[in-house]
């Protein structure tokens, strides 16, 4: 598959199979993140891998992923929760460069996840202090993002739309999400 085709296929996954990901697989996912852009090559990001089912459940319960609805009554730990997480942290209060570096690291992981038949979801809202304490992270580290990792239990697809189109985000017959993406011509300006 060409690179643009790969990018069009990559989607965020919110429903996961209840299948453990081996340690080696998670390490293979992290390695490309370590080669991502890093402002001035600071390499300030740290990756905390969570595989233990009880710890994974704790993160699920203290993050927005636990309250995402799939149109059928919401996600449940038993049915769709991810088996693994990667917490991304940095030293001290994160700045714009840290978030840019985390985004680049996530994008590399997302591309690698396609090769590994894994799904990822960037969790944007979570109880940072509670999770940090539970995982016993060093006081000087700040969790910036938590990435859910697992085998996809859904197949969302991107569709190109015009801004005026009415969007359907879920096809009840096919049981997959439609992820609307504005056509490129609506996102660029020529000067």
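Of all residues in region 92-108, none satisfies being at pLDDT below 95, over 13 Å from the mean Cα position of the chain (by Cα), assigned by TED's automatic domain parsing to the domain that holds residue 144 and under 23 Å from residue 21 (Cα atoms). Within region 52-61, is even one residue modelled with pLDDT under 90, surrounded by 12 or more Cβ atoms within 10 Å (Cβ to Cβ) and closer than 20 Å to residue 148 by Cβ? Yes, there is a match, as at least one residue in region 52-61 is modelled with pLDDT under 90, surrounded by 12 or more Cβ atoms within 10 Å (Cβ to Cβ) and closer than 20 Å to residue 148 by Cβ.
Is it true that residue 163 is touching a helix residue (DSSP H, G or I) at 6+ places or on another chain (Cβ under 7 Å) and outside the structural domain of residue 47 (by TED's automatic domain parsing)?
Values: touching a helix residue (DSSP H, G or I) at 6+ places or on another chain (Cβ under 7 Å): yes; outside the structural domain of residue 47 (by TED's automatic domain parsing): yes.
Yes; evaluated as a whole, the condition is true for this residue.
Annotation: of all residues in region 126-142 being touching a strand residue (DSSP E or B) at 6+ places or on another chain (Cβ under 7 Å) and in a loop (DSSP other than H, G, I, E, B), the one that is nearest to residue 94 (Cα to Cα) is 140. All told, residue 145 falls short of being outside any loop (DSSP other than H, G, I, E, B), modelled with pLDDT of 80 or more, farther than 19 Å from residue 82 by Cβ and touching a strand residue (DSSP E or B) at 6+ places or on another chain (Cβ under 7 Å).
Filtering region 15-26 to residues that are in contact (Cβ under 8 Å) with a residue 12 or more places away in the chain and in a helix (DSSP H, G or I) leaves 23, 25, 26. Tell me, which residue of region 1-12 that is in a loop (DSSP other than H, G, I, E, B) and in contact with a helix residue (DSSP H, G or I) (Cβ under 9 Å, 6 or more places away or on another chain) is modelled with the highest pLDDT? Once the filter is applied, the top-ranked residue is 12.
The values are calculated or read from the model by the stated rules, or taken from the named source; none is laboratory data. Since the structure is predicted, the reported quantities are computational estimates derived from the model, not experimental observations. Note that each Cβ is placed from the backbone with ideal geometry, even for glycine, and that neighbours are counted across all protein chains shown.
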